[in-house]
Amino acid sequence: MFHIPTLTTKTILLSLATLVFISNSVFLDHNVLAQQPMTLASAISQKPADQKSSSTQIYDFTMDDIDGKPRSLDEFKGKVVLVVNTASFCGNTPQYEGLQILYEQYRDQGFTILAFPANDFGKQEPGDNKEIAEFCYTKYSLEFPLFSKITVLGDDKHPLYRYLTEDTPFTGEIKWNFQKFLIDRSGQVIARYAPKQKPRTPKIVDDIEKALKAS
């Protein structure tokens, strides 16, 4: 008779301990389950730090023309555009002639050329805007838009060329004078051509004609 109450007490205590353990386990599992969806949602919503989302186009830039007057590139929206960094004293300078012929040939179809003089390579554009304009208009009778001298390379690179060389499918620093970018009517950069590739080569002409017909 002496051992029965003791056994009963132990049994009751053991049952209570088991009940407490089960309750705590259920509570813990419930908390874990409640937290899991929050952790998952947080992981999905985070983007890599280096991920870029930009809708920039050349139309977003305003550039000074060769006379120093601001000119919004938005005015060329809807045209096929060839962007070229130029220089007056380069082995590629005679390409001005081919560029002018291209411009005359296709301008009535909605084509234009934007020339940006730069002194980044071999110091081959040392003059000021007035000297550049006199050279281009006198020697090559240019009719397409000519802009003020800018920098297209390195830390001082103009934002337009930062966009062209870093935020388009054709990344990489400008290699030399007369690098060319072709932009379609919707503002997308669709081709990039090497500095030595002459403006009237079959590849460039074919790309321009396709872009003009794609409207």
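Per the listing Phe121, Phe147, the residue uniquely of a type in the set (Phe, Trp, Tyr) and under 27 Å from Asp74 (Cβ atoms) is Phe147.
Apart from one condition, Lys175 fits all of (1) of a type outside the set (A, V, I, L, M, F, W, C); (2) surrounded by fewer than 20 Cβ atoms within 10 Å (Cβ to Cβ); (3) part of a helix (DSSP H, G or I); the exception is (3). Within the stretch 100-128, being among the aliphatic types (A, V, I, L, M) and assigned to a strand (DSSP E or B) holds for Ile113, Leu114, Ala115, Ala118.
Out of curiosity, is Leu142 in contact with a helix residue (DSSP H, G or I) (Cβ under 9 Å, 6 or more places away or on another chain), within 24 Å of Arg71 (Cα to Cα), outside any helix (DSSP H, G or I) and not hydroxyl-bearing (Ser, Thr, Tyr)? Full working, then the answer.
On the way: in contact with a helix residue (DSSP H, G or I) (Cβ under 9 Å, 6 or more places away or on another chain): yes; within 24 Å of Arg71 (Cα to Cα): yes; outside any helix (DSSP H, G or I): yes; not hydroxyl-bearing (Ser, Thr, Tyr): yes.
Answer is yes for this residue.
Can you say whether Glu131 is in a loop (DSSP other than H, G, I, E, B), modelled with pLDDT of 95 or more, of a type in the set (Asp, Glu) and over 21 Å from the mean Cα position of the chain (by Cα), as far as the supplied structure shows? So Glu131 does not fit the description; no. The residue that is farthest from Ala87 (Cα to Cα), among those in the stretch 106-130 that are acidic (Asp, Glu) and surrounded by 14 or more Cβ atoms within 10 Å (Cβ to Cβ), is Asp120. Would you mind finding the one in Lys77, Lys69 that is at negative phi, out of contact with any helix residue (DSSP H, G or I) (no Cβ under 9 Å at 6 or more places or on another chain) and in the same structural domain as Ile174 (by TED's automatic domain parsing)? Result of the check over Lys77, Lys69: Lys69. Counting only residues that are farther than 22 Å from Thr93 by Cα, exposed (fewer than 14 other Cβ atoms within 10 Å of the Cβ) and in contact (Cβ under 8 Å) with a residue 12 or more places away in the chain, the stretch 189-215 holds 2 of them.
In the stretch 73-121, the qualifying residues are those that are in contact (Cβ under 8 Å) with a residue 40 or more places away in the chain and among the hydroxyl-bearing types (Ser, Thr, Tyr), and the one that is farthest from Leu153 (Cα to Cα) is Tyr106.
The values are calculated or read from the model by the stated rules, or taken from the named source; none is laboratory data. Small disclaimer: the values here were computed from a predicted structure and weren't measured. All Cβ positions, even for glycine, are placed from backbone atoms using ideal geometry, and neighbour counts span all protein chains on display.
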